[in-house]
Amino acid sequence: MINLIWAMTKDNLIGKGNLMPWHIKEDLVYYKNKTAGKTVVMGEETYYSLKGYYKTRPLPYGTIYVASLNTDLKLDDAIVINDLIDFVSNFKDELWVVGGATIYKLTLPYADRLYISFVKGNYEGDKYFPQIDYSKYKLIWDNETDLVHYTLYERV
Ligand SMILES: NC(=O)c1ccc[n+]([C@@H]2O[C@H](COP(=O)([O-])OP(=O)(O)OC[C@H]3O[C@@H](n4cnc5c(N)ncnc54)[C@H](OP(=O)(O)O)[C@@H]3O)[C@@H](O)[C@H]2O)c1
């Protein structure tokens, strides 16, 4: 089961530089509840971005895989993978893909479930989620607050 989880605007904006364009606490709580202790994969840029937030604390996941094309990269708290497609297409257990833009684009074709938080409002940034063919998915759950429309899509 490959789960992708992310927050974006209605225009698919997900990032600004190496940071999130917004700070929405309720979405962070939602995200943390879903991914805490789970096996995750993220890109090298997202890994360093998260380390900036978790300067002295461990990242709040189970096993962490970091995708990078740098074959010399070694990390204390994560397993480095150099071939993301090979890794994802052969992964048999539950995996959570947590970004960023490059990694979402490469793994979207393998995604069984999309946990999309649609952030309301307008923000500026430079990193986007790729176009999604929603005809390949059905909405199986959603919940709307003043700030965010939380959705869960499953591949049909
Ligand atoms: N809104 C959200 O929910 C959310 C969630 C997470 C992240 N983000 C945002 O996303 C942005 C970061 O995204 P990004 O695209 O810059 O970086 P990224 O996806 O975090 O990382 C890209 C990394 O993937 C590596 N890579 C490329 N192809 C690969 C392959 N086939 N196998 C293994 N590794 C591969 C690249 O390696 P090389 O460097 O060696 O080329 C690069 O280091 C930030 O703005 C962040 O805040 C948003």
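Give a residue-ordered list of calculated ³J(HN,Hα) values for the range 115-125 (Karplus: 6.51 cos²θ - 1.76 cosθ + 1.60, θ = phi - 60°; whole Hz; x for Gly, Pro).
9, 9, 9, 7, 7, 7, x, 10, 9, 10, x
Which trypsin sites (Lys or Arg not before Pro) from the range 41-144 combine a DSSP loop assignment with at most 10 other Cβ atoms within 10 Å?
Passing sites in the range 41-144 are Lys55, Lys74, Lys92.
With n ≥ 4 as the cut-off for DSSP H runs, can you work out [θ] at 222 nm for the chain, using -39500 (n - 2.57) per run divided by the number of residues, rounded to the nearest 500?
That comes out to -6000 deg cm²/dmol.
Relative contact order, percent, of the range 2-155 when contacts are C-alpha pairs under 8 Å separated by at least 6 residues?
Over the range 2-155, the number comes to 34 percent.
Once R0 is set to 25 Å, what does the formula 1/(1 + (r/R0)^6) return for the Cβ-Cβ distance between Lys25 and Arg113, expressed as a FRET efficiency to the nearest 0.05?
0.55
I'd like the chymotrypsin sites (Phe, Trp or Tyr not before Pro) in the range 39-147 restricted to DSSP loop residues with at most 12 other Cβ atoms within 10 Å, sorted by number.
In loop regions of the range 39-147 (DSSP not H, G, I, E or B), the sparsely surrounded chymotrypsin sites (Phe, Trp or Tyr not before Pro) are Tyr54.
Can you pull the Rg over Rh of the range 2-155, Cα-only, Kirkwood?
For the range 2-155, the value is 0.94.
Using alpha-carbon positions, what is the distance between the centroids of the range 4-51 and the range 55-115, in Å?
13
How large is ³J(HN,Hα) for each residue in the range 87-98, as worked out from phi by the Karplus curve 6.51 cos²θ - 1.76 cosθ + 1.60 (θ = phi - 60°), to whole Hz, x for Gly and Pro?
Rounded to whole hertz, the list is 4, 5, 6, 9, 6, 9, 9, 7, 10, 10, 8, 10.
Laboratory data are not the source of any read-out in this text; all were calculated from the coordinates shown. All values derive from a computational prediction rather than experimental measurement. No Cβ is skipped: glycine too gets one built from the backbone with ideal geometry, and neighbour counts run over all protein chains shown.
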